[in-house]
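Let me begin by presenting the structure, written as structure tokens, before commenting on it.
Bear in mind these aren't lab numbers, they're just calculated from the coordinates by the rules spelled out. Because the structure is predicted, anything quoted here is derived from the model rather than measured. So basically every Cβ, Gly included, is an ideal-geometry build from the backbone, and we count neighbours across all protein chains shown.
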Amino acid sequence: MEIFDFFVQNREMIYFIILAVFVGIEVIGGVPTVLHTPLMSGANAIHGVVIVGAIIVMLDTDPSNIFGLILGFLAVILGTLNVVGGFVVTDRMLEMFKKK
Amino acid sequence: MKGLLEICYLIGSVTFIIGLKMMGNAKTARKGNLIGAFGMTIAILGTIFLFRTDHTTVNTLKFVLIFGAIGIGSAIGWLTAKKVEMTKMPELVSMFNGMGGACAALIGLTEYEHNRGNIAALSFIVAGMVIGTISFSGSIIAYLKLSGKMDKPVRLPNYNSLNNIVLLLVVIASVYVVLQSLALPVFVIWILFVVAIIYGILFTVPIGGADMPVVISLLNSFTGLAAAFGGFLYDNKPMLTGGILVGSAGTLLTLARCKAMNRPLSNVIFGAFGGGSGAAAGEASEKGTVKDIQVSDLAVLLNYSKKVVIVPGYGLAVAQAQHVIHELEKLLEERGVEVKYAIHPVAGRMPGHMNVLLAESNVEYEKLVEMEDINPEFPQTDVVLVVGANDVVNPAAKTDPSSPIYGMPILDVENAKNIIINKRSMSAGYAGIDNLLFYNSKTSMFFGDAKKALTELVAEIKQL
């Protein structure tokens, strides 16, 4: 059975995913509404980690594959926008809470 | 150097969890965000300098391109984030989210060709590409809607069936492309990309007005999911942790927002909301007359009240009146009036948006009272001042089962002794629904642009 093989081969990964889902729920649970906007914005910055994938694409692309390099280049720009913009805008929001 | 890279990745993954956890508390939130940013930097630098596999080739050109791209992205991201006004925050978050989705889509598009025939890798590549693309085009539409460049919800005939057909098409095409990759030409992935763009647009376009925050939150978790698929592909732990964490946390935030409006998520996505119900608006016009109040009378009324509750809404933010409202609050406090702000969970365009805006103008954190805590206080309140809010005080949510906001918990302002509503005109709220509260015998309308009207009011009170 192919499906069983898949489970056996990826057992650790599957456990990892299930636990990560619970960590996500646990971490957000019980946060006051007041903080939902900065939290959403902060989470937005964190999924910018997709930029790591874009860098891997750049590193793995054959240097003669110009089209691949261009796509990777664009991906790194977009990922950086997500990361830097996300963290900076969240910091600006939270700065206001801290003034008190 | 593989070991050092793994340590970088461990630091990245752990800081994401700790950072997000710390952001759940007002005291530690800012530090939490910085910790997340620190971990991200470690993960990125680690990847650039230490990630090496059999396919990796490193040359100067690549380093120039990578650092050039990071430089360009950082400059644009930093400047936009620093310059944006607080009122425009929701659309900016939506835009950054779309960029992350597009990044995931591009990864899928480049990885497709040399992974053809490898079903496991292709399923992650195609899933990440499709979900990232939907998040990208959906976020751009959400951005256009929130920034007012596209304000009417567009509803094609039978849009629910149409959307579901396109979704089905996307799913079937994705599975087909994964299974038959070797038999199909390479460019099919681009066709799939275009179809996913179309679905993202169709998915977001009919959703209007008050539901946009739910959509942003949902698209946020989509991008998280797309990042997680990238994590599967490269067996990369920070991408997996970050992606799954945001995916599950974002879903929870989405559901919390839906709960605040007392509507199931399916209703938000498939229900026709935001267009308003024409019938309800027609009826309401026969429900009585509207009184208005002059600024001098209102000044006297507020000055001699014991307790005033301010209900701020998005209109306050649009008029940039958050500073003058704080001035009014301070002035009244000096005169011995107790002033509080009643914050509805969906006030503004994102959960907690109103708190951010009022915090910006130095309103004390303790004065912002959440709905459950302020509702029992309305009967002892002399004056409720509603500024630029509408749907969150609309009694139709309790009384009119045909209203699109029926069942949403609201602020019970009608229990207060006097209700003052500041509005520019008699037009309906963001959700497009008329408000019976305006015709209440205790209600007086205080017409005018929030900033201008409140500035006049402050001047008037100072003279008393």
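Rounded, prolate or oblate: which fits the range B:287-462, taking a ≥ b ≥ c as square roots of the Cα gyration tensor eigenvalues, rounded meaning a/c under 1.5, else prolate when a/b beats b/c?
rounded
In vacuum, with every alpha carbon of the protein assembly as shown counted as one equal point scatterer, what does the Debye formula give for log10 I(q)/I(0) at q = 0.10 Å⁻¹? Two decimals, please.
These q points yield log10 I(q)/I(0) values of -0.82.
Dipole magnitude of chain B about its Cα centre, charges +1 at Lys/Arg Cβ and -1 at Asp/Glu Cβ only, in debye to the nearest 20?
Once rounded to the nearest 20, the dipole reads 800 debye.
Could you calculate, for the range B:1-71, the ratio of the Cα radius of gyration to the Kirkwood radius, expressed as Rg to Rh?
Checking Rg against Rh, the ratio lands at 1.11.
Given the rule -39500 (n - 2.57) for each run of at least 4 DSSP H residues, summed and divided by the residues of chain A, what is its mean residue ellipticity at 222 nm, to the nearest 500 deg cm²/dmol?
-24000 deg cm²/dmol
Take every residue in peptide B:40-50, count the Cβ atoms of other chains within 10 Å of its Cβ, and give the average of those counts.
4
Could you tell me how far the Cα centroid of the range B:346-415 sits from the Cα centroid of the range A:1-20, in Å?
With the range A:1-20 and the range B:346-415 each reduced to a Cα centre, they are spaced 47 Å.
How big is the gap, in Å, between the Cα center of the range B:1-66 and the Cα center of the range B:70-99?
Their Cα centres are 20 Å away from one another.
With unit charges on the beta carbons (Lys and Arg positive, Asp and Glu negative) and the dipole taken about the Cα centre of the range B:287-462, which residue among B:365, B:376, B:422 sits farthest to the positive side?
B:422
Quick one, what does Rg over Rh come out to for the range B:72-159 if you take C-alpha atoms and the Kirkwood Rh?
Using Cα coordinates only, the ratio equals 1.11.
Quick one: plug the Kirkwood hydrodynamic radius of the range A:33-100 (C-alpha pairs) into Stokes-Einstein at 25 °C, 0.890 mPa s, and report D in µm²/s.
Estimated via Stokes-Einstein, D reaches 184 µm²/s.
Stick to the Cα atoms of the range B:109-210, pair each with every other, and give me the Kirkwood hydrodynamic radius in Å at one decimal.
14.5 Å
Eigenvalues of the Cα gyration tensor times 5, then square-rooted: what semi-axes does that give for the range B:358-464, in whole angstrom, largest first?
After diagonalising the Cα gyration tensor, the semi-axes are 24, 18, 14 Å.
Compute the normalised compactness of the range B:359-416: alpha-carbon radius of gyration over 2.2 N^0.38 Å, N being the residue count.
Scaled against compact globular proteins, the figure is 1.26.
Among the helices of chain B (complete DSSP H runs), which have Cα atoms covering no less than 15 Å along the helix axis and a Kyte-Doolittle mean of at least -1.0?
Helices meeting the span and hydropathy rule in chain B are B:2-22, B:29-50, B:60-83, B:89-112, B:119-146, B:159-179, B:188-204, B:212-234, B:237-260, B:322-334, B:450-462.
So, in Å, what gap is there between the alpha-carbon centers of the range B:164-217 and the range B:131-147?
If we compute the Cα centre of each part, the gap is 13 Å.
Rounded to the nearest 500, what is the 222 nm mean residue ellipticity of chain B from helices alone, with -39500 (n - 2.57) per DSSP H run of 4+ residues and division by all residues?
Using -39500 (n - 2.57) per qualifying helix, the result is -19500 deg cm²/dmol.
Find the relative contact order for the range B:287-462 and round it to a whole percent, using C-alpha pairs within less than 8 Å whose residues are 6+ positions apart.
So the answer I get is 31 percent.
As an exercise, find the ratio Rg/Rh for the range B:94-275 from alpha-carbon atoms, using the Kirkwood inverse-distance average for Rh.
Radius of gyration relative to Kirkwood radius: 0.98.
Averaging over every viewing direction, what projected area does the convex hull of the Cα atoms of chain B cover, in nm²?
If I average the Cα hull's projected area over directions, I get 23.9 nm².
Can you give me the relative contact order of chain A as a percent, contacts being Cα pairs under 8 Å and 6 or more apart?
With pairs under 8 Å counted, the relative contact order is 31 percent.
Could you grab the relative contact order for chain B? Cα pairs under 8 Å, six or more apart, rounded to a whole percent.
After rounding, I find 13 percent.
Quick check on my link table: of B:82/B:452; B:367/B:451; B:27/B:307; B:307/B:417; B:330/B:398, which ones sit more than 22 Å apart, alpha carbon to alpha carbon?
Going by Cα-Cα distance, B:82/B:452; B:27/B:307; B:330/B:398 fall outside the 22 Å limit.
Given Cβ point charges of +1 (Lys, Arg) and -1 (Asp, Glu) and nothing else, what value in debye, to the nearest 20, does the dipole of the protein assembly as shown about its Cα centre take?
Around 600 debye, computed over the protein assembly as shown.
Please list the radius of gyration and Dmax for the range B:342-381, considering alpha-carbon atoms only, with Å as the unit.
Reported Rg and Dmax, both Å: 10.7, 30.
What is the dipole size for the range A:33-100, taken about its Cα centre, with +1 at each Lys and Arg Cβ and -1 at each Asp and Glu Cβ, in debye to the nearest 20?
500 debye
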